[in-house]
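Let me begin by presenting the structure, written as structure tokens, before commenting on it.
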There are 2 protein chains.
Amino acid sequence: MKAVIVERQSNINTLQVTELPIPKPASGELLINVQAAAVNRTDIVTREGQSGYATNPVLGVEIAGIVEQAEQETGFAPGDRVMGLVNGGGYAEYAVMPADRAIKIPAEYSFEQAAAVPEVFLTAYQTLYTIGRLQRHESVLIHAGASGVGTAAIQLARTLSQAKVIVTAGSQKKLDFCKDLGADVLINYKEQSFEEEVLRATDGKGVDLILDFVGADYWDKNLASIKKEGRWVLIGILGGVQVEKVNLFALMSKCVQLTGTLLTPRSDEYKAKLTGDFVRDVMPHMKKGEIKPIVDTVFPLAEAMEAQRHMEENRNIGKIVLGVGN
Amino acid sequence: MKAVIVERQSNINTLQVTELPIPKPASGELLINVQAAAVNRTDIVTREGQSGYATNPVLGVEIAGIVEQAEQETGFAPGDRVMGLVNGGGYAEYAVMPADRAIKIPAEYSFEQAAAVPEVFLTAYQTLYTIGRLQRHESVLIHAGASGVGTAAIQLARTLSQAKVIVTAGSQKKLDFCKDLGADVLINYKEQSFEEEVLRATDGKGVDLILDFVGADYWDKNLASIKKEGRWVLIGILGGVQVEKVNLFALMSKCVQLTGTLLTPRSDEYKAKLTGDFVRDVMPHMKKGEIKPIVDTVFPLAEAMEAQRHMEENRNIGKIVLGVGN
């Protein structure tokens with residue numbers, strides 16, 4: 001089968017299509033004929049050799065495809081259309097997936113749309129609910145509102161919690177898109193001071209919850225934007241990994257809860273439970289079309305490197321997908 | 001009545017006994033004839049003019065005494081022996097206390113012992129359970145094990161959760177005391193590298209929960225000592241307030257939850273609920289003598305400044321109490 005692996009060329013890590021044997025499913029795993037895979041920042045980190053936890057030489061942590069092989073007790077059968085997280089191996093014609101992470105694809109979805117669901121919607125769900133404990137009518141600040149996770153989080157916060165959704169993005173086009181998805185307060189971080197806008201929109205109190213993909217650059221501004229006893233979930237470091245001079249008393253006197261999280265390095269059990277909770281709480285809304293995956297661009301598998309560059313340049317609104325269909 | 005207030009003398013803030021009118025209880029408050037008050041680090045911060053939230057000119061956030069005046073619907077009556085948190089005003093002959101924070105004193109306790117209960121036991125309970133969600137048989141690292149909160153936390157973690165309790169302290173005398181209270185692993189931070197000892201005691205995995213009173217100096221070592229998906233509660237900054245460099249990816253890849261907390265600036269509702277939970281979960285063990293307050297020294301009210309110095313020099317094991325009895 002065709003699969004994409006990392007190759008080092010004159011000091012730069014790039015992506016190459018190669019021929020590899022079809023993987024063999026272990027007990028409890030499905031073999032999937034991959035129709036589409038999606039691109040994630042964790043793939044870029046893995047390509048750069050910095051993730052420290054990727055064990056599969058083939059990149060890619062989420063797919064949509066057709067079940068090729070399944071034990072009966074998994075509840076799936078050959079021919080089923082499924083989407084879900086994989087432990088690497090997604091950028092390929094075939095991949096294995098633990099059956100307890102497979103989600104049946106709604107009939108209306110193409111495989112490209114389905115591939116745009118697992119990672120960003122599970123991450124947004126985990127961040128807002130499993131960790132962030134978002135309650136009805138609370139306020140949430142979502143940075144990078146037009147990103148994959150951002151577009152998922154806006155929809156979940158609006159639909160499941162009728163939350164007040166405050167987003168930041170770097171262009172009017174992206175902000176307009178966020179507004180169409182249901183965002184209430186739109187902040188162009190290039191033109192406005194986001195912490196001032198957040199305080200204005202929350203009667204000076206700050207937000208109950210922050211979804212932070214930015215990290216170091218926004219540290220002090222996030223601390224100014226959060227309510228007393230607020231929750232702050234750190235899920236990305238687009239704005240730098242190292243914060244200089246952190247004042248711990250500020251975290252204490254505001255009684256802030258800061259949680260760092262990543263989805264990829266979590267355990268199999270964690271991902272299975274998260275998938276189950278997500279299917280129960282979110283899939284009914286997807287089937288009704290109230291929540292939808294956002295696909296930015298579909299690249300062919302052979303152009304995986306171009307697809308990653310598109311993400312690195314922040315040109316996407318929603319997900320970047322690789323079409324793998326045979 | 002006699003009361004202790006802050007006085008500025010040649011650029012140093014010191015404490016002075018003065019005469020003030022007896023405070024008038026508002027609706028829902030008890031007037032207490034104070035028999036003992038205890039000293040807390042928050043009092044020192046207030047004396048230094050740095051707390052930012054103290055509104056009462058009289059210092060002191062916890063007392064034990066005799067109810068002097070109470071509305072019938074509070075469930076208390078004149079003559080009742082009570083202990084609990086007050087919104088300042090503790091270092092005095094009389095103080096007012098919201099009735100939903102008053103805890104009846106077990107018959108066996110002296111007022112000095114009772115004054116040693118509220119702040120440290122409520123803080124330890126809040127930190128271990130309300131925030132830290134300690135589960136049965138989990139492991140917990142308690143820094144400053146011989147401090148007021150440390151001695152309370154060791155007993156709670158052992159008695160309520162049969163947890164593996166790992167403590168740090170700066171002398172053998174303090175460690176021996178922690179051992180007598182039930183600590184399992186004793187680390188002298190002046191002679192041992194605590195993160196190595198923690199990993200050794202937890203099969204290299206790290207602890208489920210850290211109670212951190214130290215802050216900046218221990219930042220990297222705490223991060224090395226915590227288990228993946230562990231909880232880290234920051235409740236003190238004895239080792240400095242400013243961390244020079246924080247690597248956010250480390251928090252993310254370990255999926256750490258860091259919560260800053262202080263008890264004094266929390267709302268009245270929060271303190272009432274915490275007191276209720278504490279009475280339900282902990283007071284039965286106090287009445288049976290399985291958990292006990294630890295009194296280091298009792299100073300007379302007029303020597304409040306000496307009492308605070310004793311704390312600043314870290315000379316105490318357990319609580320420093322002011323005897324106020326008339």
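Provide a single number: the residues in the stretch A:231-285 that are within 19 Å of the chain's Cα centre (by Cα), within 13 Å of chain B (Cβ to nearest Cβ) and among the β-branched types (Val, Ile, Thr).
Counting residues in the stretch A:231-285 that are within 19 Å of the chain's Cα centre (by Cα), within 13 Å of chain B (Cβ to nearest Cβ) and among the β-branched types (Val, Ile, Thr) gives 7.
Which residues, counting only those in the stretch B:212-230, are among the charged types (D, E, K, R), at the interface with another protein chain (Cβ under 10 Å from one of its Cβ atoms) and either under 21 Å from A:Glu229 (Cα atoms) or surrounded by 17 or more Cβ atoms within 10 Å (Cβ to Cβ) (or both)?
If the condition is that a residue be among the charged types (D, E, K, R), at the interface with another protein chain (Cβ under 10 Å from one of its Cβ atoms) and either under 21 Å from A:Glu229 (Cα atoms) or surrounded by 17 or more Cβ atoms within 10 Å (Cβ to Cβ) (or both), then B:Asp212, B:Glu229 are the ones that fit.
Condition first: surrounded by fewer than 19 Cβ atoms within 10 Å (Cβ to Cβ) and either closer than 30 Å to B:Leu15 by Cβ or in contact with a helix residue (DSSP H, G or I) (Cβ under 8 Å, 6 or more places away or on another chain) (or both). Now tell me which residues in the stretch B:281-297 satisfy that.
B:Asp281, B:His285, B:Glu290, B:Thr297
Could you please find all residues in the stretch B:41-59 being among the β-branched types (Val, Ile, Thr) and free of Cβ contacts under 8 Å to residues at least 60 places away in the same chain?
B:Val45, B:Thr46, B:Thr55, B:Val58
Is it true that A:Phe278 is closer than 19 Å to A:Ile63 by Cβ, surrounded by 21 or more Cβ atoms within 10 Å (Cβ to Cβ) and among the aromatic types (Phe, Trp, Tyr)?
In short, yes.
For the stretch B:32-46, name all the residues that are at pLDDT 95 or above and either part of a helix (DSSP H, G or I) or under 14 Å from B:Ala3 (Cβ atoms) (or both).
B:Ile32, B:Asn33, B:Val34, B:Ala37
Please determine, by comparing only the residues of the stretch B:166-184 that are under 18 Å from B:Tyr218 (Cα atoms) and not small (Gly, Ala, Ser), which one is surrounded by the fewest Cβ atoms within 10 Å (Cβ to Cβ).
Result: B:Ile166.
The rows are residues; the columns are (1) small (Gly, Ala, Ser); (2) at pLDDT below 95; (3) assigned to a helix (DSSP H, G or I).
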{"site": "A:Trp219", "(1), (2), (3)": "no, yes, yes"}
{"site": "A:Ala224", "(1), (2), (3)": "yes, no, yes"}
{"site": "A:Gly230", "(1), (2), (3)": "yes, no, no"}
{"site": "A:Lys245", "(1), (2), (3)": "no, yes, no"}
{"site": "A:Phe249", "(1), (2), (3)": "no, yes, yes"}
{"site": "A:Met252", "(1), (2), (3)": "no, yes, yes"}
{"site": "A:Glu269", "(1), (2), (3)": "no, yes, yes"}
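Looking at the stretch A:1-40 only, could you name the residues that are at positive phi, free of Cβ contacts under 8 Å to residues at least 60 places away in the same chain and small (Gly, Ala, Ser)?
A:Ser10
The values are calculated or read from the model by the stated rules, or taken from the named source; none is laboratory data. Being a predicted model, the structure only gives us computed values, none of them experimental. All Cβ positions, even for glycine, are placed from backbone atoms using ideal geometry, and neighbour counts span all protein chains on display.
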